[in-house]
Amino acid sequence: MTRYFTQEHEWIEVEGSLATVGITDHAQSQLGDIVFVEVPAVGTELAKGKEAAVVESVKAASDVYSPVSGTVSEANNAIEEDPALVNSAAEGEGWFFKVELADPGELEDMMGEEEYRAFVADLG
Amino acid sequence: MAEQPPAESPVKLPLDSWHIALGARMVPFAGYSMPIQYEGIMAEHEWTRSHAGLFDVSHMGQVTIAGEGAREALESLIPADLAALAPGRMRYSLLLAEDGGILDDLIVTALPTDGGEAFGLVVNGAMKGEDIAHLRACLPQAVAITYHRNLALLALQGPEAAAVLDDVLPGIDAQIGFMQSVRTEWQGAPLQVARSGYTGEDGFEISLPATMAEALADALVADERARPVGLGARDSLRLEAGLPLYGHDLTTRTDPVSAGLAFAISKRRRAEGGFPGHARIMRLLEEGPPALRVGLALEGRMPAREGSPVLNSDTIVGQVTSGGFAPSLGHPIAMAYVDAALAAPGTALEVEVRGRRLPARVTPMPFVPHNYHRAGAA
């Protein structure tokens, strides 16, 4: 299992051709208290860089863009029921959706964990 | 493409380093760098509703209008009955345009003087430059307009605010009720303490020299019942309290009657007139406005934000002017202007958010009951 990170503060954990996607702990802390999440339905075709989910904090709405292309195979309905789970466990139980990768080559430009933590530290 | 003017960097509040030391996340707002949150908006919101929150509102404009004829001069711009306002009393009022549109909302306080006339105004931070220019353009030379740029303003709000204040400024709690103001001293500095705020809770707004702000803020949060609260919770608290926000729920295109603020147009002023927009406002009072500001309670968890259309069947009948999740209620709420025929509490409407129709019901405001401490009340 390998975990990748994007500059848009998403994480992707890949096992074979299946990827689990969520937002990073840094992203949740920037958003603040999350009160509403909408995840894509199973079967949705996602395109890299296109809207995949919606997160609303007390203050504002944010789109979550899919970091990869593929077909949604599972959505985490638990975070729709309990949006605060994204705040408390962004990089664990607060995952958003699982996707059957269309092009594993899309992972090539992504950061590893260490690189991502350094990227966040540089943001101040 | 047109060249962008260079962005002006936000001005720092007197308490800037204090906010940062307490872990605030600072954001630009109204030209200032302001704390949006410390530990989190929900926690700060709930703390204010159950204990006491300390808000830095030093970005707001504090102005004194004084001199012979100050009362009449100010009455020519706002619809309040200042003759009936005893020294130390406060009123919510509106700076009106010629067509009755709202230039800003404000609090006016009759200041005690030695026989002269003086009024304190607190206006919105984002509007204070325009407000002061408007006052200078409209008021006669004999009336002095003083903008107090060296004063800070701290708001202590919540059911335990009075108890916290009483330990730092003994006796004030017993001296003033809601919308009353008193002058006092603290560590040799002059303070104006008002029993007012914008959260719906009992509380105080303390005007003091900016150089003393940090010491007083420290003294207040030294009490474990008081915690610093940011702009984020200030917005969710005022929304639950049904209090309109200028620039969103009130603009130059809204009038006091449609906004549900007819209480701010006093009886004497209705009869006598002499304020901008009198004729149009009287017509709106008599005939009823075409649209009204209402509260909406939304089903589900998805909040509707400013600009979302309000629908009745398939017809657009209004627009959301501010909205968000209500931490005290656990569901989203909003303020909207809707057709007057559909403004009755209980009316079922829909709000469109990202192409989806969310069921919404017209709800009386405040959404969360006010908890003001009125003089004479137990």
| said: Let me test this: with uniform point scatterers at the alpha carbons of the protein assembly as shown, what is the Debye-based log₁₀ I(q)/I(0) at q = 0.12, 0.14 1/Å? | reply: -1.15, -1.41
| request: Diagonalise the Cα gyration tensor of the range B:231-378 and give the resulting equivalent ellipsoid semi-axes, square root of 5 times each eigenvalue, largest first, whole Å. | output: 27, 21, 13
| query | Any idea how far apart B:Glu98 and B:Thr146 come out in nm if each label point goes 7 Å out from Cα toward Cβ? | reply | 3.3
| query | Out of B:Thr315, B:Thr146, B:Thr254, any idea which swings most in a Gaussian network model of chain B, alpha carbons joined below 10 Å? | reply | B:Thr315
| query | With charges set only on the Cβ (+1 for Lys and Arg, -1 for Asp and Glu), what does the dipole of the protein assembly as shown come to about its Cα centre, in debye to the nearest 20? | reply | 2280
| For the range B:290-363, size of Cβ-based charge dipole, Lys and Arg +1, Asp and Glu -1, in debye | 200
| field | Calculated FRET efficiency for the pair A:Leu123/A:Lys48, C-beta based, R₀ 25 Å, to 0.05 | value | 0.65
| query | So, with +1 on the Cβ of K and R and -1 on the Cβ of D and E, and no other charges, what is the size of the charge dipole of the range A:2-104 about its Cα centre, to the nearest 20 debye? | reply | 240
| request: Mind jotting down the three principal axis lengths of chain B based on Cα atoms? Whole angstrom, largest first. | output: 63, 60, 50
| query | Which of A:Ala90, B:Gly158, B:Met26 sits farthest toward the positive end of the charge dipole of the protein assembly as shown, with +1 on the Cβ of Lys and Arg and -1 on the Cβ of Asp and Glu? | reply | B:Gly158
| Using helices alone, what [θ] at 222 nm do you get for chain B, with -39,500 (n - 2.57) per DSSP H run of 4 or more residues, divided over all residues and rounded to the nearest 500? | -5500 deg cm²/dmol
| So which residue, out of B:Ser236, B:Ser33, B:Ser207, gets the largest mean-square fluctuation from a GNM of chain B using Cα contacts under 10 Å as springs? | B:Ser33
| request: Calculate how large, on average over all directions, the projected area of the Cα convex hull of the range B:290-363 is; give the answer in nm² to one decimal. | output: 4.2
| Segment B:Glu72-B:His331, extension gain: residue separation times 0.36 nm, minus the distance between their alpha carbons | 88.7 nm
| request: State the extension gain, in nm to one decimal, for the chain segment bounded by B:Ala219 and B:Glu287, taking 0.36 nm per residue of separation less the distance between their alpha-carbons. | output: 19.2 nm
| request: Calculate, axis by axis, the spread of Cα positions in chain A along the three principal axes, and write the results as whole Å, longest axis first. | output: 36, 35, 22
| message | Between A:Ser62 and B:Ala43, what is the label-point separation in nm under the 7 Å Cα-to-beta-carbon projection? | response | 1.8
| task | Please work out the Cα convex hull volume for the range B:135-278 and give it in Å³ per residue. | result | 164
| query | Taking the range B:1-107 as the region of interest, what is the percent of Cα-Cα pairs per 5 angstrom bin, listed from the shortest bin to the one with the maximum distance? | reply | 2, 9, 14, 14, 12, 13, 15, 12, 7, 2, 0, 0
| said: Residues of the range B:277-314 with backbone nitrogen within less than 16 Å of a virtual label 7 Å along the Cα-to-Cβ line of B:Glu352, please, listed as ranges. | reply: B:304-314
| query | Which residue, chosen from B:Gly330, B:Ser313, B:Ala341, occupies the Cα position most advanced towards the positive end of the dipole of the range B:290-363, where the dipole is computed from +1 (Lys, Arg) and -1 (Asp, Glu) charges on Cβ about the Cα centre? | reply | B:Gly330
| note | Projected onto the charge dipole of the protein assembly as shown (unit charges on the beta-carbon of Lys, Arg, Asp and Glu, signs +1, +1, -1, -1), the Cα from B:Gly273, A:Ser57, B:Trp186 with the largest positive-side position is that of B:Gly273
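We did not get these values from a lab; they are worked out from the coordinates using the rules stated. Note that this is a predicted model, so its numbers are computed, not measured. We place every Cβ from the backbone using ideal geometry, glycine too, and count neighbours over all the protein chains shown.
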